[in-house]
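For reference, the structure is listed below as structure tokens.
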Amino acid sequence: KLRNYLLRSLFILISQDGCDSLHQCEMHSLALVLLASALAAPVPRRLDEVLKPVDLGTAGDFVILTKTGISSVPASVIVGDIGVSPISATAITGFSMTADSSNTFSTSAQLTGKAFAADFVSPTPSKMTTAIGDMETAYTDAASRPFSNDTNLNVMDGLITGTTFTPGVYTWGSDVAFSSDIYLSGSADDIFIFQTSGNVVVGAGAKVLLIPPAEGSGEALTAATIVWQVAGHLDVGAGAHLEGVFLVKNHAAFGSESSLNGRILAQTAATLISTTITEPAALGGA
């Protein structure tokens, strides 16, 4: 606002100032054109603002959070809490859940943590409504981040097999797919945001591998600072391994013996086939 006020004030001063010669008039005209362009141009976001972590809010309390269901073909191994809302607990299938005596959560042999649903006893319904709202807010935030530079736009036209990524915001207007390993190089303070208007398709056995920083260059990169914003669905092949927080507009499907170090926050459903999903360490190592 201050920038625009100052530019407009200068624009008015120049436009009202007379000119005593043709050269002076030409200079005034050029100044007016440049000021008009500056007023019309958007204010660029600061790099440190762009690369702030995506705030998950209470959605970050869950390793899997969905609106319409979570299914497992046993035996999956889930480390962390899972939850569904607004759908009821009947949409959590394949876990053979046992309700706690408080009826505020359930447990399962496949789950190191608790399962929550919108139809459990208070305060769980409120907890789940807030978490779903926070998930949607986080998705919108991640999707709104501008890509860091032109080289981060549509990398490899979305066919990213073998690519090494450095910290920043990457944007694709297509599906993103890899059939073998990709690499992320950074340290614990670095932020990665991958945005796609399409799907993320991971081939069987493909892996996201984190490259450790050089000695003395900081602590190792963790899944907590890696965010994938997926406007379509996530399809993970058998035996594949992923790293990061997946904010998925549609469903997330994991093939047999696949794994994730991170979170699945999906606005429809998540399906698992003997899948291992482990909650990452919190930001800051807490």
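The values are calculated or read from the model by the stated rules, or taken from the named source; none is laboratory data. Quantities reported herein were computed from a predicted structural model and do not represent experimental measurements. All Cβ positions, even for glycine, are placed from backbone atoms using ideal geometry, and neighbour counts span all protein chains on display. For accessibility, only protein heavy atoms count, side chains too; no ligands or nucleic acids. Shrake-Rupley method; radii C 1.70, N 1.55, O 1.52, S 1.80 Å.
Count Lys and Arg as plus one, Asp and Glu as minus one, and take only other residues whose Cβ is under 12 Å from that of residue 118; the net charge is then +1. Sequence-distant contacts, meaning Cα pairs under 8 Å at least 6 residues apart, place the relative contact order of segment 78-236 at 16 percent. Taking amide H as placed 1.01 Å from N in the peptide plane, the amide H of residue 188 sits under 5 Å from that of 219, 220, 221, each at least 5 places away or on another chain. Between residue 153 and residue 179, the C-beta separation translates, for a Förster distance of 22 Å, into a calculated FRET efficiency of about 0.50. Tell me the carbon and sulfur percent of the accessible area for segment 55-177, rounded to whole percent, probe radius 1.4 Å. Its accessible area is 57 percent carbon and sulfur atoms. The protection proxy used here, the mean number of other Cβ atoms lying within 10 Å of each residue, ranks peptides 132-139, 207-214 as follows, highest first: 132-139, 207-214.
What separates the Cα centres of segment 77-96 and segment 115-171 is a distance of 20 Å.
Every Cα-Cα pair in segment 54-206 was counted, and those over 19 Å apart are 62% of them.
What Kirkwood hydrodynamic radius do you get for segment 123-231 when you take the inverse of the mean 1/r over all pairs of distinct Cα atoms, in Å? With all distinct Cα pairs of segment 123-231 included, I get 15.1 Å. If you take all other residues with their beta carbon under 14 Å from the beta carbon of residue 128, and give Lys and Arg +1 and Asp and Glu -1, the sum is -2. Relative to a virtual label point 7 Å from the Cα of residue 282 in the Cα→beta-carbon direction, which members of segment 104-125 show backbone nitrogen distances below 18 Å? It comes to 113-114, nothing else. With the cut-off at 1.5 for a/c, could you classify segment 164-223 from its C-alpha gyration tensor as rounded, prolate or oblate? The shape class here is oblate. Extending 7 Å from Cα along the Cβ direction at residue 161 and again at residue 129 yields two label points whose distance is 4.8 nm. Can you check what the net charge comes to around residue 253, using other residues whose Cβ is under 15 Å from the Cβ of residue 253 (Lys, Arg +1; Asp, Glu -1)? Taking every Cβ under 15 Å from that of residue 253, the sum is -2. Loop-located GluC sites (Glu not before Pro) in segment 146-246 (DSSP state not H, G, I, E or B) with no more than 16 neighbouring Cβ atoms inside 10 Å: 215, 219.
Between residue 109 and residue 219, the FRET efficiency from the beta-carbon distance, with R0 = 25 Å, is close to 0.15.
Put a dot 7 Å past the Cα of residue 250, heading toward its Cβ, do the same for residue 58, and the two dots end up 3.0 nm apart. Relative to the current alpha-carbon distance between residue 137 and residue 188, full extension at 0.36 nm per residue lengthens the span by 16.0 nm.
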